[in-house]
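Novice: Here it is, the structure in full.
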Amino acid sequence: MGNVAETLLPAAQEEMLSLRVLARLLDYPSAELQQAAGELIELIDAEKRWPPALRAQLMTWCQSLADTDLLELQSEYVALFDKGHATSLLLFEHVHGESRDRGQAMVDLMNEYQAAGFELDARELPDYLPLFLEYLSTRPEEEIARWLGEIRHILALLTARLEERGADYALVPYALLALIGAEMEAEAHRDEVKAEAPDDTPEALDAVWEEEAVRFSAASDQDCALQSAEGRRLAERKRSVPSDPITIMPSPDPAGRGVSDR
């Protein structure tokens, strides 16, 4: 991993660094992530828009990620995010579920990426939250605030649900809420989440499979494309193949475009 100090953005754009750090922390654990822990800790400590207590929690978690066995981290991640829908990192799953509206929302978001010159890695769906954060890291500050404001209810639910499961990953959506001064929204969902029936039990997962029955009969080319991307994502996690080295900042691009390096 390169030295981030050599590629730091101007002070007015430091928020972009914070988003890229959070994207890495919320993504599937890798050896590269563990090796980058020291650098991530330095960047978190430099983000003064987060209160000291939140920065301390994030830094402690980073060190824990570095010190924990990688296979254990990956197993925990899959159990937390790939079973059930409550803690899904696919944004539109929380809004549209598996309805046809989700396909159109995906297309609209893809158009946003393309218009901004952001190149999407085919391994991930466009509404995958870590990928979305990478996109936001290429945008102006006012646009970042607008987007985070639009998804704040999802971030608040994720925070409350991950806290309910005792997962340190709750720190990421909470930190995103903190960037726009919306931390209290998570508090509003905590009682609601306590009353939710778990959707990651074997019985709940079996019920979902019976209802959806593996959607081989896609109703459109859009549905086929979404299924293919989601299948690749899950297959790669099962193989646990090490990813490319982490780069906190994108490589310099003479055209000024944001490029996803995942």
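Novice: Does any residue of region 107-121 turn out to be touching a His at 6+ places or on another chain (Cβ under 9 Å) and without any contact (Cβ under 8 Å) to a residue 24 or more places away in the chain?
Specialist: The answer is no; no qualifying residue exists.
Novice: Oh, and also: Within region 79-91, can you find the residues that are loosely packed, with under 15 Cβ neighbours inside 10 Å and either among the hydroxyl-bearing types (S, T, Y) or assigned to a helix (DSSP H, G or I) (or both)?
Specialist: A79
Novice: Looking only at region 61-78, which residues are charged (D, E, K, R) and assigned to a loop (DSSP other than H, G, I, E, B)?
Specialist: D69
Novice: Does region 124-152 hold any residues that are buried (at least 18 other Cβ atoms within 10 Å of the Cβ) and either part of a loop (DSSP other than H, G, I, E, B) or in contact with a Ser or Thr (Cβ under 7 Å, 6 or more places away or on another chain) (or both), and which are they?
Specialist: Across region 124-152, the qualifying residues are E124, L125, P126, D127, L131, E134, S137, T138, R139, I151.
Novice: Taking the options R190, R161, name whichever one is surrounded by fewer than 17 Cβ atoms within 10 Å (Cβ to Cβ) and either at pLDDT below 80 or within 21 Å of the chain's Cα centre (by Cα) (or both).
Specialist: R190
Novice: Still on this structure: In contact with a Leu (Cβ under 9 Å, 6 or more places away or on another chain) and at pLDDT 95 or above: is that true of L17 in this structure?
Specialist: No: the conditions fail for L17.
Novice: Considering (1) of a type in the set (G, A, S); (2) in a loop (DSSP other than H, G, I, E, B); (3) surrounded by 14 or more Cβ atoms within 10 Å (Cβ to Cβ); (4) at pLDDT below 80, say which one G2 fails and leave the rest.
Specialist: Going through (1) of a type in the set (G, A, S); (2) in a loop (DSSP other than H, G, I, E, B); (3) surrounded by 14 or more Cβ atoms within 10 Å (Cβ to Cβ); (4) at pLDDT below 80 one by one, G2 breaks only (3).
Novice: Another question about this same structure. Here is a list of conditions, (1) farther than 17 Å from R49 by Cβ; (2) modelled with pLDDT of 50 or more; (3) under 19 Å from the mean Cα position of the chain (by Cα); (4) crowded, with 17+ Cβ neighbours inside 10 Å, and G166 meets all of them except one; can you say which number that is?
Specialist: Only one criterion in (1) farther than 17 Å from R49 by Cβ; (2) modelled with pLDDT of 50 or more; (3) under 19 Å from the mean Cα position of the chain (by Cα); (4) crowded, with 17+ Cβ neighbours inside 10 Å is unmet by G166, namely (4).
Novice: Any idea which of (1) touching a residue at least 12 places away in the same chain (Cβ under 8 Å); (2) among the polar types (S, T, N, Q); (3) under 25 Å from R190 (Cα atoms) is the one S64 doesn't satisfy?
Specialist: Every listed condition holds for S64 apart from (3).
Novice: Additional query: Can you list residue pairs whose Cβ atoms sit under 8 Å apart, with the first residue in region 23-51 being over 27 Å from L91 (Cβ atoms) and the second being at pLDDT 95 or above and of a type outside the set (S, T, N, Q)? Count only pairs 6 or more apart in sequence or on different chains.
Specialist: Close Cβ pairs (under 8 Å, with a partner that is at pLDDT 95 or above and of a type outside the set (S, T, N, Q)) amount to A31/L70; Q35/A66; G38/A66; I41/M59; I41/C62; D45/R55; D45/M59.
Novice: Condition (residue is of a type outside the set (K, R), in contact with a Gly (Cβ under 8 Å, 6 or more places away or on another chain) and not in a strand (DSSP E or B)) applied to region 92-112: is it met by at least one residue?
Specialist: no
Novice: Further, regarding this structure: Being touching a residue at least 60 places away in the same chain (Cβ under 8 Å) and charged (D, E, K, R) is the filter; apply it to region 122-138 and report the residue that is farthest from S18 (Cα to Cα).
Specialist: Checked region 122-138; the qualifying residue farthest from S18 (Cα to Cα) is R123.
The values are calculated or read from the model by the stated rules, or taken from the named source; none is laboratory data. If you're wondering where the values come from, they're calculated on a predicted model, not measured in any experiment. Cβ: placed from backbone, ideal geometry, glycine included. Neighbour counts: every protein chain shown.
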